[in-house]
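Below you'll find the structure, written out as structure tokens, and then a few comments.
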Amino acid sequence: MMRDVAIIGVGMIPFGRRDEDTLLDMLAYASLKALDDAGLGEKGVDAVYVANMGAGILQHQTSIASALVDRLSLLPAAADVVENGPASGASAIKNGLLAVASGYYDLVLVAGGEKMREVTGWKATDFVATMTHPEVEYPYGITLPGMAGMFTRLYMEKYGVTREMLVAVAIKNQQMGTLNPYAHVEMAITKEGIMDTPDAVVNNPTAADPLHLYDMCPVSDGAAAVVLCSLETAKKIATKTPVLIAGFGQATDTHTLQERDDPTNLKAVSLASQQAFEMAKLKPGDIDVAELHDAFTILEIAESEHVGFFKKGEGGKAVLEGKTKLNGQIPINMSGGLKARGHPVGATGVAQVVEITFQLRHELDKTRQVKNAKNGFTINFGGFGNNIVSFVLRRFES
Amino acid sequence: MAIDMELEEVLRAPEVPQAKYPPKVITLANSKKMVVREVQREDVPVLLKAVRPTINVERDYYDIVGVRLYAELLGWYRYRVRNEYCLIGQVDGYLVGIVNGRMLNEKIGISLHTLAIDRGLRVGSHLFASKMEHHIEYLGQEEVRIVAESPIGFRRWMIEYGLELLPDVQHELGGATAYRLTKQIYYDTKPRLVVGKRPVPKTLLDEAMQEIKIADEKTITEKIAGVKGR
């Protein structure tokens, strides 16, 4: 019998360009905030899972979980690094969740971090592209923006997504970023400025046709952390409202896009979501707030449909109609999403869970807080849809 | 500072008359209107106040760009640089970026520096484009010689414009590899890189001309090198 698992502490540092901090500094800051938030005091944890995609490449540093437990004086806790591309964060939480649910560990720290800004944008793009197929994709120069561009073109043709819809996602998420102190991009943009004015040709140039500059998330440094424990333990020690991990799902798809019957069908997103909803005994319509993986604006629209918030072809219209805004039918990315909060790849999946925890604990400013939020949902998108991890989170009310 | 005008006659660089850059307005990504206009020598002391804080910012080579721009503007102010000009960008009267250059001779222009104070809005791209516009369309030159002192500059100028390599020419900024923008390259890239409207509405121009507002030193440094800095 698996145990229920709760989040009792969360921590995050402002994402952006943190030249003064090392990767380990950032992981330590976020972890200390989460441990403080959990009110653990001098009490240690049984295990630490660290989500990171690229320290070996970007920092020439490995074994960062071992380094982090020592830095945090959490010895002799078990420590592992979890690498699953941009879905590393959610994968690490899933590993922590299973460890606690199994009964083997009771208190687990999960930290995710990435330091991407110490290399040029070109090198950061190349680093992310290392998750493409090493024989049939990477050698031919494909990048994730390139894949997203092709995906967008197909999605536009098949489902009638328009530039206006993509622009609406960018505007909404950058507006939310201005309200989030953790967001990398705190700059509101307008349709006039990035689309309507003739000057938009420079303001918002084509990046990977039909995607433009403001369809892309920034390259960021950042870290986030959560503390997990059994629900029974949470009832005894939690100092803040526990958030239950009510469901999770993980599914994979072909490594290469070309092998998919229909490249517009994000099967792994649908499967992972279904698993999470079934486990939580909830439906998409029961979710009050969601954090979706909008590394590119098209992904917020496509994921909102594959998760089941909207029918296929309806996600873009929903954005235009304001259904994904605060107080809309399903508020999506009230943090600003990857688009504005930023996308330090190893941190993102953890940051999504931190944000939903803030929402379910009702701690946010009213400009971002979804009123009376009880159920939250996350999608962490690995590869180009080939490894997806989702969570359904629920505010625990005794 | 006391100035001996007799000696100044000897020390001052001779100049040729230069066509003026007509101001224009550009709508930025946040809908703010940036007025791009040429400033006069008398405006330099105000500009130096904005450039000075950048001298200590190591991020993205602002230090070298800042210190050189400071020297170039001061050189112009003191009549020690020949045929220099300076364009600025202003939003709500505030200085958001500076570019400068000079005429080497009637046919050849020299691009000196581009410094964006507000980042993330492509202010630098717009101002650099305005500088190229000035050299080719208003000063009537055949080419502009350019070097990049930062990776961002290299990406923005050499790659986005597809500049021609000038392997045997040493740019006056030093030994860095020199490139040139020809008339042909300018007009080929103009549709995607050079924007803006003229004339500038009177209220906007009046606001810009009335005062070059400068953010405080802390704000300038934070805009360029803070955690949110891009």
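The values are calculated or read from the model by the stated rules, or taken from the named source; none is laboratory data. Predicted model, so just to flag it, every value in this text is computed and none were measured. Cβ coordinates were reconstructed from backbone atoms using ideal geometry, including for glycine residues, and neighbour counts include every protein chain displayed.
When the range A:6-30 is filtered for residues that are surrounded by fewer than 24 Cβ atoms within 10 Å (Cβ to Cβ), over 15 Å from A:GLY112 (Cβ atoms) and away from every other protein chain (no Cβ under 14 Å), only A:THR22 remains. Among the conditions (1) surrounded by fewer than 18 Cβ atoms within 10 Å (Cβ to Cβ); (2) in contact (Cβ under 8 Å) with a residue 12 or more places away in the chain; (3) more than 14 Å from every other protein chain (Cβ to nearest Cβ), B:TYR61 misses just one, which is (3).
Considering the range A:198-211, and only residues there that are free of Cβ contacts under 8 Å to residues at least 12 places away in the same chain and out of contact with any Leu (no Cβ under 9 Å at 6 or more places or on another chain), the residue that is farthest from the other protein chains (Cβ to nearest Cβ) turns out to be A:ALA200. Taking the conditions (1) out of contact with any strand residue (DSSP E or B) (no Cβ under 8 Å at 6 or more places or on another chain); (2) at pLDDT 95 or above in turn, B:GLY93 satisfies each one other than (1). Applying a threshold of 8 Å to beta carbon distances and a minimum spacing of six or more residues, or different chains, the list of pairs starting in the range B:12-38 at a residue that is more than 14 Å from chain A (Cβ to nearest Cβ) and ending at one that is part of a loop (DSSP other than H, G, I, E, B) and of a type in the set (Phe, Trp, Tyr) reads B:ARG12/B:TYR79; B:ALA13/B:TYR79; B:ARG37/B:TYR21; B:GLU38/B:TYR21. The range A:66-175 holds helices (runs of 4 or more DSSP H) entirely within its bounds, and those carrying 2 or more residues that are farther than 30 Å from A:GLY193 by Cα map to A:88-101, A:121-129. Within the range A:176-193, the set of residues being in a helix (DSSP H, G or I), within 14 Å of chain B (Cβ to nearest Cβ) and in contact (Cβ under 8 Å) with a residue 24 or more places away in the chain comprises A:GLY177, A:LYS191. Among residues of the range B:182-196 that are within 14 Å of another protein chain (Cβ to nearest Cβ), those with a beta-carbon under 7 Å from a residue that is in a helix (DSSP H, G or I) and at pLDDT below 95 at least six positions away or on a different chain give the pairs B:LEU193/B:GLU160. Only one entry in A:ARG17, A:ARG3, A:ARG71 is within 22 Å of the chain's Cα centre (by Cα) and basic (Lys, Arg), namely A:ARG17.
A quick yes/no check of all residues on (1) assigned to a loop (DSSP other than H, G, I, E, B); (2) surrounded by fewer than 24 Cβ atoms within 10 Å (Cβ to Cβ); (3) over 14 Å from the mean Cα position of the chain (by Cα):
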{"site": "B:LEU73", "(1), (2), (3)": "no, no, no"}
{"site": "B:VAL81", "(1), (2), (3)": "yes, yes, yes"}
{"site": "B:TYR85", "(1), (2), (3)": "no, no, no"}
{"site": "B:VAL96", "(1), (2), (3)": "no, no, no"}
{"site": "B:GLY109", "(1), (2), (3)": "no, no, no"}
{"site": "B:SER125", "(1), (2), (3)": "no, yes, no"}
{"site": "B:GLY140", "(1), (2), (3)": "yes, yes, yes"}
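Counting only residues that are closer than 13 Å to A:LYS115 by Cα and either of a type in the set (Val, Ile, Thr) or assigned to a strand (DSSP E or B) (or both), the range A:39-65 holds 3 of them. Among the residues making up the range B:176-209, those that are surrounded by 19 or more Cβ atoms within 10 Å (Cβ to Cβ), touching a strand residue (DSSP E or B) at 6+ places or on another chain (Cβ under 9 Å) and not in a helix (DSSP H, G or I) are B:ALA178, B:TYR179, B:ARG180, B:LEU181, B:VAL195, B:GLY196, B:VAL200.
Exactly one residue out of A:LEU282, A:LEU266 is crowded, with 17+ Cβ neighbours inside 10 Å and touching an Asp or Glu at 6+ places or on another chain (Cβ under 9 Å): that is A:LEU266.
So how many residues does the range A:339-369 have that are of a type in the set (Lys, Arg), part of a loop (DSSP other than H, G, I, E, B) and under 16 Å from A:PHE15 (Cβ atoms)? Qualifying residue count for the region: 1.
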